[in-house]
Amino acid sequence: MKRIALFMGGAILCCGVAFAQTSVTGKVVTSEDGEPVIGASIKIVGTNTGTVTDVDGNFSIVLPQGKNSVKVSYMGMEDKTVTIKGNKIQIELRADQKTLDEVVVTGYGVQKKASFTGAASLLNGSQIEKKSDANFVKALEGNVSGIQMNNSTGQPGTWGSIYVRGRSSISSGTQPLYVIDGMPMNSDVEGTYSGEGNYLDPMASVNPEDIETVTVLKDAVATAIYGARAANGVIVITTKKGTEGKLNINVDIKQGFTSMANNNMDYANAEETMNLYAQGRVAAGQFDNIDDAKAALSEYYEWDGKRSTNWIDEVTRHGYYQDYNISAQGKTGKTGFYVSAGYLDTEGLVIASDFKRYSGRVNVESKFGRFAVGANANYAFSIKNGSSQSTAGAMSNTMTAAISMMQPFYPTHDEEGKYYGYTYGLYNPLALADKLGNVYESRNETLNLNPYLQVDIWNGIYFRTNLGVNIMNYREYQYMSAIYDPQGMGDYNGYGDQFNSRSTTITWNNVLGWNKTFNDMHNVSVMLGQEMQKKSYYSDHYTGYDFPFASLGMNKLSTAGKWEDPAYKQREARLASYFADAHYSYLDKYYASASFRRDGSSVFGTDNLWGNFWSVGAKWRLSSEKFLKDNPVITNATLRASYGTVGNQDIDWYAARGYYMAGHNYNGVVGIAPESISNTKLTWETSKKFDIGFDLSFIDRIHLSLDYYNETTSDALMKMPLSMTTGLASTYKNIGKIRNQGIEVDLKATIMHSKDLDWNAYANMTWNQNRVVKLSSGEPIVNTLTINEVGYPYNEFYMREYAGVDKTNGKPLWYKNETGDETTSNYREAAKRHLGSADPKVFGGFGSSVNWKGLDASVSFNYRLGAKVYDYGAAFTGWGMREMTPLKDMALNSWTEDNPNAKYPRYVYNDPDNSTATSSRFLMNGSYLRLSNITLGYTLPSSLTKKAFMQKVRIYISADNLYTFTASDFTGYTPDTYDNGVIAWQYPGVTTFVGGIQITF
């Protein structure tokens, strides 16, 4: 009976408890588009009981008696506490703007932004995808402070240099280190025609659609862990990985067209050109009057007085743009994966130029207890056709021929329908671009493989080993046509030049780390590591001529009838490294960090193979102090400072070695000759980096970051001339110093944030001052256009200063002395002056984005102020006096007796007045403001798309490089320049219009 009584009592008690509990089911979705939130945490307030949402965002939970509130949280979204009434509920979470970028990917790991003591900027993949350029790096311009792009061509896939906080070397490499998923990548440009600015950019092999984030590391704390490779900054790319939940298949289809961006390169028509030429012949004393000169010139140029050909229109077009991407992303059990494939095909603005890329990526990671194993693999194959000139001015280039060879009097074809002029020495650009014309082709094949293993040993201690293999196969083929190229026809009967190379970088690193928190007050993170790297390179170079079947389109090198001697090069470099990194925080209020790295590099002298690099940093969160804690206005305030050293080993791999090179043959006898002298003292360039920064947030919606930096590179490597008796021209020595100092300002604001509306804005500004502090001999190095002198920027223009037109005779004037206002019309009497730098004084960007009920819109601008641009090809590209098609403005505004107040000097054939000689007449203000991108999209309601088994559908239109506002004195296709500040025979800037659709299944 007792047992029965106990059983009945227990049953009654259980029933009472059951009646007091409440079973609740619900769903967690995003407020922006109603998508399910997978893996959100649901915790009953006041208890330790909770659950997580499933793959559809659903959950079920039992509320005990007296408990009816739950707290919902998910990383990257705002926490939300709700009171539950009833048995069913739908909870909406909003994106947390404060935590979207709360982690910073740094050297060999990830840190919370809140505890990071260094200077870094982060750009997420969605911002990068807005740009249609083949190279994701161009998306950094204007979006990331401290980033200066140097690229004067609109040709797709063509390389341009990039500075992070200014140029930090004199003769060594100036480009940042690129790291993809933890592995350093080879970003060296390849090719045999460097003077033509025709390099294929290795970073164009990276598909922007695969990128999750790009982090730019700037100061010593952020970069010193990379030691000898970090002097020019580090750009860390993190690709997409598997995500929790069911499989997502993403499709992105873009199509559009390219057109010429706005510019003021308006060339004169045939009549205006003829009038100017006649004026020039009369001024030169060859004719007595304009009419006689025009008659003679019309006969010479076979002009009928009517025909007027616009050769720029003939060689440019609206290019077709198409970009297709598909990816699968998800997680099965404890295995996450991301698989993608992409195809990009963009026709260039100039005929016979284009860029194609085929890419694929597989990222996989699995966890087994304490073990995590994974691999990131990427393959890309790209083809670039067409030649982009820098300052070389080869007539076989399409734009050069159109500008400097062809006249508006010439027809495109003769009476027989053949290309005009090529049979008697004219480089007709239409003929050069014909299928039987010239070939400029670059092929690049890139393979990246990165397997890794991590073991969580015990109590926060872990070990991780990574292997990175980066292989780049490059082939460049250039062919001067035996049919249409006058040089190829006359001298060689076709001339083919093929360059092949393979660059291999193998990196293996091992890291032992420990992360531990004590008493919820002290947080410690320590890392010890070892790394080894081997770089291998070889190239071969073949040249053939006399192509017997060229008229049949057989222009590959294998069809050449005769050959020149081939060339072959091979080299290796190795790097061994040991490093340590430590971080400490107390109460999430006080932070400190330190790192040390010891590198041994084979590229330096035997006396200086090893170098030590280090950093220290600190951060104080003022907003956690009593005087600011819980302040409703100032919601975050931090002060940080860092100092340290990094190195630069980017020089010729055998610069410190004394060696001979074969191939110096004479009269059929094999010969060798000294190529370099030994320098056992050659050592690292060392950059000392100081940074102090302040981060401030107001009402959690306005975020300001301000940094001051000072970076000095000592022991800068410079090429020193050698005595002619050595048989060598120069050798490297550590005898220079260069400094960059500046201020960076970053501002981000959430203007409006509600259930249906998000409106954000950003702005950034960088002021950078570059100065040469020390040179080898102490004496200035005077170049054709520039000067390297202590106390001035590295790219300081130095030439005669133009003083305008002498109204009495139309001759050009220059300032006679280094200072003062005295002028002279004798070019040789004029003194050279310091006339400004190619580097901008201030640069940056700003923009805004709005999301409202499925509609999204964004606009971005970038700008430069204070840079100088020199038109090196002015005498041959519209300003010249040797009868090359003039610009309309010059044709109509050159000095004559009837127009003494003209803008330009008198036009005299062959320029006896030196009007087009090097001077500041062609040195222009390179300041500009560019409407960089406009994007407009609409995401269909999920209630509609799910009926068609689609999670998300977004349609959008986008325009890149829409309009550029330039200075009043600038004349050119684009004020963008290479790093030397020079333009000439530019490939015009390109505006790209794209429409697309994104679908997630």
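The values are calculated or read from the model by the stated rules, or taken from the named source; none is laboratory data. Since the model is a prediction, treat every value here as computed from it, not as a measurement. Ideal geometry is used to build each Cβ from the backbone, glycine not excepted, and the neighbour counts take in all protein chains shown. Just so you know, the surface numbers come from the protein's heavy atoms only, side chains and all, with ligands and any DNA or RNA stripped out. Shrake-Rupley method; radii C 1.70, N 1.55, O 1.52, S 1.80 Å.
Taking label positions 7 Å along the Cα-Cβ direction at both Asn459 and Ala948, the computed distance is 5.9 nm, reported to one decimal. Accessible surface area normalised per residue over the chain is 44 Å², counting heavy atoms of protein chains with a 1.4 Å rolling probe.
Packing order of peptides 737-743, 670-676, 771-777, highest average first: 737-743, 771-777, 670-676 (average count of other Cβ atoms within 10 Å over each peptide's residues). Roughly speaking, what is the stretch gain from Arg475 to Tyr424, that is 0.36 nm per residue apart minus the C-alpha to C-alpha distance, in nm to one decimal? Using 0.36 nm per residue and subtracting the Cα-Cα distance, I get 15.1 nm.
Extension gain, Leu436 to Asn262, is 59.4 nm, computed as 0.36 nm per intervening residue step minus the present C-alpha separation.
Backbone geometry of segment 605-610 corresponds, through the Karplus equation with coefficients 6.51, -1.76 and 1.60 at θ = phi - 60°, to 3J(HN,Hα) couplings of x, 4, 7, 9, 5, 10 Hz, x marking Gly and Pro.
Extension gain, Val362 to Thr412, is 13.0 nm, computed as 0.36 nm per intervening residue step minus the present C-alpha separation.
The Asp54 and Val633 beta-carbon pair, evaluated with R₀ = 41 Å, returns a calculated FRET efficiency of approximately 0.50. Summarising the label geometry, the points placed 7 Å from Cα in the beta-carbon direction at Thr335 and Lys562 lie 6.2 nm from one another.
Taking each of Lys71/Lys755; Lys131/Lys384; Lys240/Lys589; Lys43/Lys240; Lys80/Lys246 in turn, the alpha-carbon distance tops 26 angstrom for Lys240/Lys589; Lys43/Lys240.
Loop-resident trypsin sites (Lys or Arg not before Pro) (DSSP state other than H, G, I, E or B) in segment 563-662 with no more than 14 further Cβ atoms inside 10 Å of their Cβ: Lys626, Lys629. Take the Cα of Ala967, step 7 Å along the line toward its Cβ, and report every residue of segment 819-858 whose backbone nitrogen sits under 18 Å from that point. The answer is 833-844, whose backbone nitrogens lie closer than 18 Å to the label point.
Each Cα pair under 8 Å and six or more residues apart adds its sequence gap; the mean of these over the residue count of the chain is a relative contact order of 12 percent. Label-to-label distance for Tyr324 and Leu892 is 4.8 nm, based on points extended 7 Å past Cα in the beta-carbon direction. Solvent-accessible surface of protein heavy atoms, probed at 1.4 angstrom with all chains present, puts Leu467, Leu177 in the order Leu467, Leu177, largest first. In degrees, nearest 10, range 0 to 90: what is the angle between the Cα axis of helix 2-20 and the longest Cα principal axis of the chain? Tilt relative to the chain: about 40 degrees. Helix 270-283 and the longest principal axis of the Cα set of the chain meet at an angle near 50°. Measuring nothing but how far apart in sequence close Cα pairs (under 8 Å, 6+ apart) lie, relative to its length, segment 323-445 scores a relative contact order of 19 percent. Ranked by the mean number of other Cβ atoms within 10 Å per residue, highest first, peptides 218-229, 715-726 order as 218-229, 715-726.
With the convex hull drawn around the C-alpha atoms of segment 688-751, the volume per residue stands at 90 Å³. Just so you know, the Rg over Rh for segment 289-394 is 1.42, from Cα atoms, with Rh as the Kirkwood radius. Rounded to the nearest 20, the size of the Cβ-charge dipole of segment 829-879 about its Cα centre is 140 debye, with Lys and Arg at +1 and Asp and Glu at -1. The equivalent ellipsoid that matches the C-alpha gyration tensor of segment 876-980 spans semi-axes of 52, 14, 12 angstrom, in descending order. First compute the accessible area of the chain with a 1.4 Å probe, then give the percent of it belonging to carbon and sulfur atoms. Of the solvent-accessible surface of the chain, carbon and sulfur hold 55 percent. Evaluated with a Cβ-only charge set (Lys, Arg +1; Asp, Glu -1), segment 871-1001 carries a dipole of roughly 1100 debye about its Cα centre, given to the nearest 20.
Which log10 I(q)/I(0) values, to two decimals, does the chain give at q = 0.09, 0.10 Å⁻¹ under the Debye formula with one point per Cα? Cα-only, vacuum Debye calculation for the chain: -1.12, -1.35. For Phe797, the accessible surface of its heavy atoms amounts to roughly 0 Å² (probe 1.4 Å, protein chains only, rounded to the nearest 10). List the aspartates and glutamates whose alpha-carbon lies under 13 Å from that of Lys27, not counting same-chain residues fewer than 8 positions away? Candidates past the 8-residue exclusion: Glu35, Asp54, Asp56, Glu92.
About its Cα centre, the chain has a charge dipole of approximately 4980 debye under the convention of +1 per Lys or Arg Cβ and -1 per Asp or Glu Cβ, with nothing else charged. Centre-to-centre separation between the Cα atoms of segment 444-487 and those of segment 607-633: 35 Å.
Charges on Cβ only, +1 for Lys and Arg, -1 for Asp and Glu, centred on the Cα centroid of segment 699-761; of Ser754, Ile738, Thr725, which one is farthest towards the dipole's positive end? Projecting each Cα onto the dipole axis, the largest value belongs to Thr725. The solvent-accessible area of Phe846, taken with every protein chain present and a 1.4 Å probe, is close to 80 Å². Normalising the average separation of contacting C-alpha pairs (under 8 angstrom, six or more residues apart) by the number of residues puts the relative contact order of segment 516-594 at 42 percent. Compared with the dominant Cα axis of the chain, that is its longest principal axis, helix 290-300 is turned about 80°.
Cβ-Cβ distance of Gln21 and Ile997, R₀ of 51 Å, FRET efficiency by 1/(1 + (r/R0)^6): the value works out to about 0.60. Centroid-to-centroid, using Cα positions, segment 193-263 and segment 819-859 are 26 Å apart. Note on segment 841-920: the C-alpha convex hull projects to 9.3 nm² when averaged across all orientations. Restricting attention to the chain, close to 95% of DSSP beta bridges with both partner residues there are antiparallel. What separates the Cα centres of segment 728-744 and segment 662-692 is a distance of 17 Å.
Think of the chain as a dipole: +1 on every Lys or Arg Cβ, -1 on every Asp or Glu Cβ, centred on the Cα centre; then among Ser777, Ala902, Trp653, Trp653 lies furthest on the positive end. Using R0 = 25 Å, the C-beta based FRET efficiency linking Lys626 and Ala592 works out to 0.70. Report the far tail of the P(r) of segment 520-570, meaning the percent of Cα-Cα pairs longer than 14 Å. Result for the distance tail: 71 percent.
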